[in-house]
Amino acid sequence: MSIITEDDFRTEARAFLDEHAERRVEEKFSWGEGSDNVGLLEEKTPEEEAAEVVAAKQFKAAEFDAGFGWISGPEEYGGRALPTAYERAYRSVTTDYALPNQSVFVIGLGMVAPTILAHAIPEVKERYLRSLYRGDLVACQLFSEPVAGSDLAGIQTRAVRDGEEWIVTGQKVWTSGAQHSDIGEIITRTSPDKPKHKGLTMFVVDMHASGVEVRPLRQMTGGASFNEVFFEEVRIPDSHRLGDVDEGWGVALTTLMNERAAIGGGSGGMSDFSIARFTEMARHFGVADDPVIRQRLAQIYINGYVSRATSMRSMAKIKAGGLPGPEMSIGKLSLTKNMQLQAQTVGEILGPRLVADTGEWGTYAWAEMVLGVPGGRVAGGTDEIMRNIIGERVLGLPKEPPASR
Ligand SMILES: Cc1cc2nc3c(=O)[nH]c(=O)nc-3n(C[C@H](O)[C@H](O)[C@H](O)COP(=O)(O)OP(=O)(O)OC[C@H]3O[C@@H](n4cnc5c(N)ncnc54)[C@H](O)[C@@H]3O)c2cc1C
């Protein structure tokens, strides 16, 4: 059977987008005009957030029903089974349109769904994949705990087998988007007597199940994008296990590599600012001729360019059928390094205006970005962990001795 040509596919995509989205208007940045919101972590009121989730879900459903929701996915689970080049073609057509903010789906589609596809039994794939790609369900990642982040294998949430079910008790933390989620990918300890990487098992958990409690965490930026999630004797059917019992570490690695691909391969939901925001600020405050500021601005531009090129190279490997590898850490690290330089430069240009709100356009608004940068350096693996991965797995340097076993 012949497949649709890429040209016809693009025409079809344009027809769909013309009907469901506005054309993007080229925005030229001018100092003092438009919104001065530059937050990294999308701080919103609960009402704004709820309205955005509704719009995101409506668009996702229409996109899926028109055949653009999971272009390269297997047909039996709702995909269109086209080559990955068609995914790229669709993404390139969408750049001409202003789509509703889709960040509520970043974790579910970027990390959880690929892990379900790789490790779940067919019934579970059948049950969740179509609904995730259609946006009917939202998923979160339940990995980090109060005592286990970088050292993920140190998690303590227990899962104990009870016939055809598992009983899960413990606490997760920093769970992005748990407040909107229907399911979560949860890593648990099933064999406490085994070495720590070997006694872990992964599951898909129903976030509406009895015994699950989601509590928002307030950040220093003012918003509450993350949560603590408590599990009190939550029952999970054995069918919802991802991979074998005590083999959860390998499953976690699938998710983590996809996570770094999602963050390093784009901006991972974190805003990517045009260089004009910085150059216009420097002009406005009369420091555009300062050699140190000029050097920093040039460095921000160069870093951004190199970071994008590095990500594109890694993404090309995935699109050619490879798996996200340790090089994803380079993309993530270069993105966060540039965010740090941006924050530092903004601080140097704005001085006290960054910390005292005078109401002046484009000044105190940057405090939200500056306070969000440490979160970017920690999310999806900290800068130090990325450096360890690059040193050991990309450059082949000797391994760091483990802190604990
Ligand atoms: C914006 C954001 C979103 C997040 N979303 C989620 C989510 O949805 N789901 C989820 O499960 N988690 C999430 N997290 C949690 C995140 O994965 C952890 O914060 C991260 O893995 C670090 O763990 P930790 O906070 O326990 O810090 P720790 O691991 O305690 O690290 C503390 C410090 O020690 C350093 N360090 C630790 N080990 C080493 C080492 N071996 N070598 C050198 N330095 C080291 C770290 O770099 C860091 O500076 C999110 C975090 C953020 C900031």
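Can you classify the range 115-252 as rounded, prolate or oblate using the Cα gyration tensor, where a ≥ b ≥ c are the square roots of its eigenvalues, rounded means a/c under 1.5, and otherwise it's prolate if a/b beats b/c and oblate if not?
Numbers: a/c = 1.61, a/b = 1.12, b/c = 1.44.
Taking the square roots of the gyration eigenvalues as a ≥ b ≥ c, the range 115-252 is oblate.
Got a sec? How would Val370, Val160 order by Cβ neighbour count within 10 Å, fewest to most?
Starting with the residue having the fewest Cβ neighbours, the order is Val160, Val370.
Suppose R0 equals 41 Å; then what is the FRET efficiency for Ala356 and Thr169 from their Cβ-Cβ distance, rounded to the nearest 0.05?
The pair Ala356/Thr169 has a calculated efficiency of 0.30.
Among the lysines, which fall within straight-line cross-link reach of Lys57, defined as a Cα-Cα distance under 22 Å, with same-chain neighbours fewer than 8 residues apart omitted?
Lys44, Lys125
Run down the lysines and flag those whose C-alpha is under 25 Å from the C-alpha of Lys194, throwing out any fewer than 8 positions away in its chain.
Lys172, Lys399
Is the range 9-131 rounded, prolate or oblate when judged by the Cα gyration tensor, a ≥ b ≥ c being the square roots of its eigenvalues, rounded requiring a/c under 1.5 and prolate requiring a/b larger than b/c?
Oblate shape, in that a/c is at least 1.5 and b/c is the bigger or equal ratio.
Name the residue farthest towards the positive end of the dipole of the range 265-394 from the options Met315, Ala379, Gln344, assuming +1 on Cβ of Lys and Arg, -1 on Cβ of Asp and Glu, about the Cα centre.
The Cα lying farthest towards the positive end belongs to Met315.
Rank Gly34, Gly362, Gly199 by mean-square fluctuation in a GNM of the chain with C-alpha springs under 10 angstrom and give only the top-ranked residue.
Highest fluctuation of the listed residues: Gly34.
How far is the Cα center of the range 48-85 from the Cα center of the range 178-235, in Å?
That distance is 26 Å.
Arranged by the count of other C-beta atoms within 10 angstrom, fewest first, what order do Lys399, Lys57 take?
Fewest-to-most ranking of Lys399, Lys57: Lys399, Lys57.
Which order, highest average first, do 108-117, 389-398, 85-94 follow once you tally other Cβ atoms within 10 Å for each residue and take the mean per peptide?
Averaged packing, sorted descending, gives the order 108-117, 85-94, 389-398.
Taking the Cα centre of the chain as the origin, how large is its charge dipole in debye, to the nearest 20, when only Lys and Arg (+1) and Asp and Glu (-1) carry charge on their Cβ atoms?
1340
When the chain is treated as a GNM, springs tying every alpha-carbon pair under 10 Å, which of Val25, Val355, Val346 comes out with the largest mean-square fluctuation?
In the Gaussian network model the winner is Val25.
Most exposed first by the Cβ proxy, i.e. fewest other Cβ within 10 Å, how do Lys198, Lys44, Lys332, Lys60 rank? Please report the intermediate quantities before stating the final value.
On the way: Lys198 13, Lys44 16, Lys332 32, Lys60 24.
Exposure proxy ranking, most exposed first: Lys198, Lys44, Lys60, Lys332.
Looking at the square roots a ≥ b ≥ c of the eigenvalues of the Cα gyration tensor of the range 265-394, which shape do they give, rounded for a/c under 1.5, prolate if a/b is larger than b/c, or oblate?
prolate
Rounded to the nearest 500, what is the 222 nm mean residue ellipticity of the chain from helices alone, with -39500 (n - 2.57) per DSSP H run of 4+ residues and division by all residues? All intermediate terms of the calculation are to be shown ahead of the outcome.
On the way: 11 runs with 164 residues, N = 405.
Here the helix-only value at 222 nm equals -13000 deg cm²/dmol.
Rule-based calculations on the coordinates, nothing more; no lab input. This structure is a prediction, so every number in the text was calculated from the model and none was measured. Cβ atoms come from the backbone with ideal geometry, glycine included; neighbour counts cover every protein chain shown.
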